[in-house]
Amino acid sequence: MDIQASYPILSTKIGKHPLVYLDNAATTHKPQCVLQAELNYYEKLNSNIHRGAHYLSRMATEEHEAARSAVAQFLHAPSEREIVFTSGTTAGINLVAQVLALSSLIRSGDEILVTTDSHHSNIVPWQMLCQRTGAVLRPIPLTPALTFDMDAYLSMLNARTRIVAAPYISNALGVINPIPEIIAAAKRNNTDTLVLVDGAQSTAHVPVNLSELGCDFYVFSGHKVYAPTGTGVLWGRESLLSSLPPWLGGGEMIKEVSFSGTTYNDLPFKYEAGTPNICGNIVLAAALRYVQEQGISAIDEHEQRLTRMMCEGLNRIGGIDILGPVEGRGALVSIVVPGVHHYDLGTLLDQMGVAVRTGHHCCQPLMQYLGITGTTRYSFALYNTAEEVERALACTERALNMLR
Ligand code: PMP
């Protein structure tokens, strides 16, 4: 079956060139079934949920809560009470950091470890937590091969380590971090050390089983998993979420309100104040069902093939530094070409119809660590093809011939 045919936007022409979309780590396109689910919601279900006695409200509530079950099932989460809908990865990490700041769990002098390859959204919320609590943020260095430095990490873990937060897959390097080992070491250090996994770059690409992984929080964005922007999920261990304080106050997150005080709702509603993104959450579930139909392991295999092809082709062109090892990477390749500015390469590729990302990828501390201003990043989704990789390689070679 021609998968691209079910993505209307992929038939876009850039000038006279067919679009080759390799900016999937920034956001993915949406298949027809996802677009249809959105239309269906507004044509047939639109209503506010959880409070209306009428038919449409009941139907929308049922669909919304079925969406929560679908997310729980997709992530193999122990309970759907642990699935909190958010507006994305950034919102999820901020929610956790803000709630921990309100709790008594973080004290002055406590340490929060993040990986050097973290996205700003896995750095800044923790810095804000540190400002409020007196905790200290410590970056875990990389090995010279730009992989996670396990020895350095093990030597940094100590009695004050309270939180470890890491991306499953780095959006700037493509490196897959050894998340099970990172979690196991944190828990060996102290069973109370909390581990948050940033799943922004893993959820659409590799199987995730939250019943086995052993982390405390896992977050992702819907728009990188074929769903609309403004959707996402925070998964949190039930025992933790139920004992942590609420964050945003308002409708939905309460049991009873009076001027003398308020009691809070049960999970997950305690963390879902206000009218949620009802349509978006329902459509997110449709997107996850679509990914399940395609098969996450088959997607992973397909994308691995394209990624390997890309690395081999770039090495054949020569004079290109691929950041991180070829093996053990997610579905993206980030390059630096000595003597060529990433923005110039990206602009020429755009003129040839090839959409890539250039710049710091919201990882400025990583760029400072590497002593560079940015990279050119090719990132893949299930709908990309070997022919597209070949075109991207040919265009890269042509562009570099013009630039060097
Ligand atoms: N973490 C990683 C690893 C990412 O790749 C991204 C998006 N580029 C984010 C966090 C932030 O995601 P969002 O902007 O959807 O909240």
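The values are calculated or read from the model by the stated rules, or taken from the named source; none is laboratory data. All values derive from a computational prediction rather than experimental measurement. Please note: Cβ atoms are built from the backbone with ideal geometry, for glycine as well, and neighbour counts cover all protein chains shown. Surface accessibility is based on the protein's heavy atoms, side chains included, excluding ligands, DNA and RNA. Shrake-Rupley method; radii C 1.70, N 1.55, O 1.52, S 1.80 Å.
When its C-alpha radius of gyration is set against 2.2 N^0.38 Å (N residues), the range 208-316 gives a value of 1.48.
Within straight-line reach of residue 44, meaning a Cα separation under 20 Å, sit the following aspartates and glutamates at least 8 residues removed in sequence or on another chain: 62, 63, 65.
Placing a label point 7 Å from the Cα of residue 229 along the Cα-to-Cβ direction, the residues of the range 342-363 with a backbone N closer than 19 Å are 355-363. Backbone amide hydrogens, once placed in the peptide plane, bring residue 20 within less than 5 Å of 354, 355, excluding anything fewer than 5 places away on its chain.
Using a probe of 1.4 Å on the protein chains alone, the accessible area found for residue 65 is around 40 Å². The length gained by stretching the chain between residue 132 and residue 315 to full extension, at 0.36 nm per residue less their Cα-Cα distance, is 61.2 nm. With a cut-off of 18 Å on the backbone N, the residues of the range 288-313 near the modelled label site 7 Å out from residue 44 along Cα-Cβ are 288-290. Entry comment: accessible area of the chain is 41 Å² per residue, from protein heavy atoms only and a probe of 1.4 Å. Ranking 7, 54, 74 by how far each Cα lies toward the positive end of the dipole of the range 1-74 (charges on Cβ) leaves 7 at the top. Of the listed residues 192, 117, the order by accessible area with a 1.4 Å probe, largest first, is 192, 117. For the pair residue 248 and residue 12, a Förster radius of 56 Å applied to the C-beta separation gives a FRET efficiency near 0.90, rounded to the nearest 0.05. Can you give the angle from 0 to 90° between the axis of helix 89-102 and the longest principal axis of the chain, with both taken from C-alpha atoms, to the nearest 10? Once rounded, one gets 40 degrees. The accessible-area ordering, largest first, of the residues 255, 16 stands as 16, 255, per a 1.4 angstrom probe.
Across the accessible surface of the chain, with the other protein chains kept in place and a 1.4 Å probe, carbon and sulfur atoms take up 53 percent.
Modelled spin labels at residue 260 and residue 386, positioned 7 Å past Cα toward Cβ, are 7.4 nm from each other. Think of it as helices only: each DSSP H run of n ≥ 4 in the chain is worth -39500 (n - 2.57), and spread over all residues that comes to -12000 deg cm²/dmol at 222 nm. The P(r) of the range 100-241 has a tail past 25 Å containing 23 percent of all C-alpha pairs.
For residue 361, the solvent-accessible surface computed with a 1.4 Å probe is close to 20 Å², ligands and nucleic acids excluded. Annotation for residue 394 and residue 364: the two label points, set 7 Å from Cα along the Cα-Cβ direction, are 4.0 nm apart. Of the Cα atoms belonging to the chain, the radius of gyration and Dmax stand at 21.9, 72 Å.
Against the chain, whose longest principal axis comes from its Cα atoms, helix 342-351 is set at around 80 degrees. In percent, rounded to a whole number, the relative contact order of the chain is 22, using alpha-carbon pairs under 8 Å and six or more apart.
In percent, rounded to a whole number, the relative contact order of the range 9-162 is 13, using alpha-carbon pairs under 8 Å and six or more apart.
Compared with the alpha-carbon gap, the fully stretched path from residue 351 to residue 107 is longer by 82.6 nm at 0.36 nm per residue. Once C-alpha pairs closer than 8 Å and six or more residues apart are averaged by separation and normalised to the residue number of the range 30-91, the relative contact order reads 17 percent. Taking all protein chains together and a 1.4 Å probe, the residues 150, 310 rank 150, 310 from largest to smallest accessible area.
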